[in-house]
Amino acid sequence: MVSQPPMQFNDYYQQVYGDRWPGLLKSLEQKEAQVLFAPFAQETGDVEWLPGCWWMTAERANWPTERDDDGLLRYYVLDPASVLVARALMVNPGDQILDMCAAPGGKTLVLVQTLGQEGLLEANELSPARRARLTKVIQQYVPKTLRQRVFVKGKDALRFGLMAKESYDRILLDAPCSGERHLLANTKEINQWKPKRVSSLAKKQYSLLASGIEALKPGGRLVYSTCALSPEENDQVIARALKKKPLVSSVETPQPSPFAERTEYGWIHLPDKCQFGPLYFAVMEKKTEL
């Protein structure tokens, strides 16, 4: 971890979080709590508010290497809030689903779990390297019968709104973002950080969200998420979409976990409260008519 983040980085987030920032910064530099997610096992797990998941512990360090009778890996390690984000999509049987920025694949596995016998999932990732990782995850975890309904694509997600207008019942947009937890672990990146980085990402995030909204069927549901701390990349992106895209509305959802904190349009998990995250998400639906 970086011993001391640059002053402008500290100043920026101090303005956002005030007296909470020093403790939040410290929590970002500590090891995050993770869960072992079992996509296709029947066990309930030991996380009361997150069925099918177990807390990752030293005693369970060998679990990610365990395989079932078909040779598939049983447990995928990820942030528990990532499971909540994908489940917030509330997939129905037979839905056409788009995971716009799918790599590395944890949320994709959660979505595959919900496909049933008729649904189809398009897992999209523009980066060839990240797409290869996504493909490997699907091959390692997903049974062949389900794999036939999962299609890995390498499209520019900004073009879905033009090329696949009103084509999907459910869309997950886990948008590229600041990712402050990972940023703090990269000395070169954090030392080059400037506030305009946040603004630049927010513009791209809005463009991706606008594309997703256009690709969503009337009556469809979209979940927007980031692992960013800044409201500029979170609620403010949603606010802009609500202003510019009258066909979508914000959906108020129940508190997804005991640690989730309400924002104007969604929920955020922050590591000083729960030891995992940051992870923000908001739910939108497309109206059938104005």
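Annotations for the structure displayed:
- For the stretch 95-186, the Kirkwood hydrodynamic radius comes to 13.7 Å, computed from all pairs of different C-alpha atoms.
- Eligible aspartates and glutamates near K196 by straight Cα distance, threshold 13 Å, same-chain separation 8 or greater: E232, E233
- Measure of compaction for the stretch 235-274 (Cα Rg per 2.2 N^0.38 Å): 1.36
- Centre separation in Å (Cα based) which lies between the stretch 178-216 and the stretch 221-288: 15 Å
- Per residue, the convex hull spanned by the Cα atoms of the stretch 131-177 measures out at 111 cubic angstrom.
- By accessible area, using a 1.4 Å probe on protein heavy atoms only, the stretch 23-161 has 50% of its surface on carbon and sulfur.
- Shown here for the stretch 8-86: trypsin sites (Lys or Arg not before Pro) in loop regions (DSSP other than H, G, I, E, B) with at most 15 other Cβ atoms within 10 Å, namely K31.
- Rg/Rg_globular for the chain, with Rg_globular taken as 2.2 N^0.38 Å and Rg from C-alpha atoms: 0.98
- Summing +1 for each Lys or Arg and -1 for each Asp or Glu among the other residues whose beta-carbon sits under 11 angstrom from that of G116 gives -1.
- Solvent-accessible area per residue for the chain (1.4 angstrom probe, square angstrom): 47 Å²
- Note that the stretch 240-254 has calculated 3J(HN,Hα) couplings of 5, 5, 5, 6, 9, 10, x, 7, 10, 9, 7, 10, 7, 10, x Hz, one per residue in order, obtained from phi through the Karplus relation 6.51 cos²θ - 1.76 cosθ + 1.60 (θ = phi - 60°); glycine and proline are x.
- Computed over the alpha-carbon atoms, the stretch 201-267 gives an Rg to Rh ratio of 0.95, Rh here being the Kirkwood radius from the mean inverse distance.
- Of the chymotrypsin sites (Phe, Trp or Tyr not before Pro) in the stretch 43-99, the ones in a loop by DSSP (not H, G, I, E or B) with at most 13 other beta carbons within 10 Å are W49.
- Relative to the Cα centre, the charge distribution of the chain, modelled as +1 at Lys and Arg Cβ and -1 at Asp and Glu Cβ, gives a dipole magnitude of about 1060 debye.
The values are calculated or read from the model by the stated rules, or taken from the named source; none is laboratory data. What you see is a predicted model, and the numbers here were worked out from it, not measured in a lab. Backbone-built Cβ (ideal geometry, glycine too); neighbour counts: all protein chains shown. We work out accessible area using only protein heavy atoms, side chains counted, and drop any ligands, DNA or RNA first. Shrake-Rupley method; radii C 1.70, N 1.55, O 1.52, S 1.80 Å.
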